[in-house]
Amino acid sequence: MTAAPGAPAFDVREVPFSTFGSWLDLSTVTAQDTVADDVHLVSHQTGFHPVLRLVPTCGGARADVTVTAGPDLLTWRADAGCARAAWESPDTLRITGHGLGLSVLAADPVLTPFSGSYFFGDPVSGAHVLTSYRTGRRYRITVLSGPAVEVRGDQTLGAGERGVIVPDDAAPWELVVEEFDTARPPYRCGSTFADVVASSAAAFRAFLDAVAPWRDDSTPAAALAAYVLWSATVRPAGYLVRPAVLMSKHWMDKVWSWDHCFNALALTGLPALAWDQFRTPFDHQDAAGALPDSVAHSEVLRNFVKPPVHGWALRQLRTACPPDDELLRDVYRQVSRWTEFWLSARRAPGSDLPHYQHGNDSGWDNATTFDRERVVETADLAAFLVIQLETLAELATDLGLPADAARWSATGDALLAGMLRELWTGDGFVARGAASRRTSTSSSLLDLMPVVLGERLPADVGAWLARRIRTHLTEHGLATEHPDSVRYQPDGYWRGPVWAPATVLMEDGLRRAGHVELADEISGRFRALCERAGFAENFDARTGAGQRDRAYTWTASSYLLLAGADRARPPSP
């Protein structure tokens, strides 16, 4: 096997330049759907906040530069020279240049103390320090070599700006930017810039080799997918008490309580990190057993939950990364409580089936399944819980709890029978109002998600679902709303675009149900889409264009899962 190149180039307008463990990145994305002209240092603590604006200069004016990036190095290049940036550590950025100057400016207006941010000179270190009240952090800029640095007022590139200016004369220069919380000793340079770049490259290559050892020229997006995951991983801080892969280091900088499952499965080459991803939302499980909607550095949201895909993921994770007995017992207890939440708090009196209270609970926020009623019993929810109950039965058996295993197994069988009896019409699945008992149908792909049950479905039901799923398959993948539906919207979130999790779940279910050719087709089209359009939050089902957040980790993880599985299968005869 010939390994594909391990250092992918990317556009910082789409993929942030960061490093494993850091809460910072360099990017031109400064807010949701907002792309600036300049590269910014962005923080993801206490929210999404641009902190510093980095402006290369030539002749005292903004330079016309080309920005390129790879896992280990970001470069500004112009006819007059270049400047380069590399991560020395998660909180320390080194920048060097020759022929170009650099203005390091506050991204926010610099006002009075306690509003916005302000610069001051540190007489101890001789550095310049920005205090940001939005992030609650300080950022120290220390010149390591080169000409004098000035703090300017209205003489900078814009009136009222404050910052640190490295003049653009011919002398090489170097500076370092550090983030810190409190007093910190003056920076001491212990390595060359070249050493910093080499160390960062080696760290990424080790990660890449662990998560995609199977990569070759037939999987050209594997290295970039791995980089999206590596660079979006943050070290423990705030409410995230273990290393966590954010959904993105753009504005989707949280961990949602089903997205994390796909990231966990893509990281099985690093078992400890994979288990950390699976367990992150369970660190905030409430007294009723519910998981939060999302967890971020400074908030835990509980306005919704997310679908119980955890049993589906856990079954695969424990096979790829067998846990020790203590971990297995902890996970069993947590997933048991999560399952009981659905079977108690989310079953209406007299009903055999659980319900969602809102489309957001399903993860398919605005799917047309929820157009008639918001509080509904759906077949996808029942299907996920059947798998979760089966997984709990398997765990209970392995833990020597035969009574628990029998109870989980019987509950799962009863739930599957109830789903087929009450929601299957012979010509599709319906949704049913939890209170009204009215049934409704839609053209959403969500209504076909029971295919995730695979071999547990009756053959005729599985075949019907496969036929209907094929009608959602465009050149670029599975449209989440039928392309012929009057409610289809190209950028309608869950009302049309191609999404990674739906692709992975349906591909897996179809394959286990014996519809291998269709599963292969879905996998191949999604992989080709990512290789063409990157790892966007979702994609236009008709054009294949990436939409919304453009560096989404569960999309990258889904590519790695599908590509790795495809490489592991024997060639077709």
What pairs come out if I take residues in the stretch 57-74 that are assigned to a strand (DSSP E or B) and pair them with residues that are among the polar types (S, T, N, Q) whose C-beta lies under 6 Å away, six or more apart or interchain? THR57/SER103; THR68/THR75
On the basis of being surrounded by 21 or more Cβ atoms within 10 Å (Cβ to Cβ) and not aromatic (Phe, Trp, Tyr), does LEU420 make the cut? no
Here are some conditions: (1) loosely packed, with under 15 Cβ neighbours inside 10 Å; (2) in a helix (DSSP H, G or I). ALA466 meets all but one. Which one does it not meet? (1)
Residue satisfying condition, being part of a helix (DSSP H, G or I), within 33 Å of the chain's Cα centre (by Cα) and modelled with pLDDT of 95 or more, within set LEU478, LEU448: LEU448
Scanning for something without any contact (Cβ under 8 Å) to a residue 40 or more places away in the chain, farther than 12 Å from LEU102 by Cα and hydroxyl-bearing (Ser, Thr, Tyr), does the stretch 33-52 turn up at least one residue? yes
Looking for something in a helix (DSSP H, G or I), within 24 Å of the chain's Cα centre (by Cα), of a type outside the set (Ser, Thr, Tyr) and farther than 19 Å from ALA320 by Cβ - is there at least one such residue anywhere in the stretch 484-497? no
Tell me which residues, restricted to the stretch 389-417, are free of Cβ contacts under 8 Å to residues at least 60 places away in the same chain, buried (at least 18 other Cβ atoms within 10 Å of the Cβ) and small (Gly, Ala, Ser). ALA393, ALA405, GLY412
Of the candidates THR480, THR543, THR503, the one satisfying the condition of being hydroxyl-bearing (Ser, Thr, Tyr) and farther than 21 Å from MET449 by Cβ is THR543
Among the residues of the stretch 443-463, write down those that are of a type in the set (Gly, Ala, Ser) and surrounded by fewer than 20 Cβ atoms within 10 Å (Cβ to Cβ). GLY454, ALA459, ALA463
The correct count of residues that are of a type outside the set (A, V, I, L, M) and surrounded by 23 or more Cβ atoms within 10 Å (Cβ to Cβ) in the stretch 295-324 is 5
Could you grab the pairs with beta carbons closer than 7 Å, sequence gap of 6+ or different chains, first residue in the stretch 496-513 and buried (at least 24 other Cβ atoms within 10 Å of the Cβ), second one of a type in the set (D, E, K, R)? GLY496/GLU481; PRO497/ASP491; PRO497/ASP540
Among the numbered conditions (1) part of a helix (DSSP H, G or I); (2) touching a strand residue (DSSP E or B) at 6+ places or on another chain (Cβ under 8 Å); (3) farther than 20 Å from ALA551 by Cβ, tell me where ALA198 comes up short. (2)
Of the residues in the stretch 70-87, how many are touching a Pro at 6+ places or on another chain (Cβ under 8 Å) and buried (at least 18 other Cβ atoms within 10 Å of the Cβ)? 4
State whether the residues of the stretch 8-29 include one that is assigned to a strand (DSSP E or B), more than 16 Å from the chain's Cα centre (by Cα) and acidic (Asp, Glu). no
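Residue by residue, here is whether (1) among the acidic types (Asp, Glu); (2) closer than 27 Å to THR135 by Cα holds:
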| residue | (1), (2) |
| --- | --- |
| ALA198 | no, no |
| ASP216 | yes, no |
| ALA221 | no, no |
| VAL255 | no, yes |
| ALA272 | no, no |
| GLN277 | no, yes |
| ASP293 | yes, yes |
So, restricting to helices (runs of 4 or more DSSP H) that lie completely within the stretch 207-323, which ones have at least 1 residues that are among the basic types (Lys, Arg), in contact with a Lys or Arg (Cβ under 8 Å, 6 or more places away or on another chain) and closer than 30 Å to GLY136 by Cα? 271-279
Quick one: is GLU377 surrounded by fewer than 24 Cβ atoms within 10 Å (Cβ to Cβ) and in the same structural domain as ARG318 (by TED's automatic domain parsing)? no
Under 8 Å between Cβ atoms, which residue pairs at least 6 apart in sequence (or on different chains) link something in the stretch 169-194 that is outside the structural domain of CYS58 (by TED's automatic domain parsing) and in a strand (DSSP E or B) with a partner that is of a type in the set (Lys, Arg) and surrounded by 12 or more Cβ atoms within 10 Å (Cβ to Cβ)? none
For VAL129, only one of the following conditions fails: (1) within 30 Å of PRO243 (Cα to Cα); (2) of a type in the set (A, V, I, L, M); (3) modelled with pLDDT under 85. What is its number? (3)
Per the list (1) assigned to a loop (DSSP other than H, G, I, E, B); (2) at pLDDT 90 or above, residue check on ARG140 breaks on (1)
The conditions are (1) farther than 30 Å from ASP460 by Cβ; (2) assigned to a loop (DSSP other than H, G, I, E, B), and ALA528 fails exactly one of them. Which is it? (2)
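The values are calculated or read from the model by the stated rules, or taken from the named source; none is laboratory data. All of these numbers come straight from a predicted model, not from anything done at the bench. We place every Cβ from the backbone using ideal geometry, glycine too, and count neighbours over all the protein chains shown.
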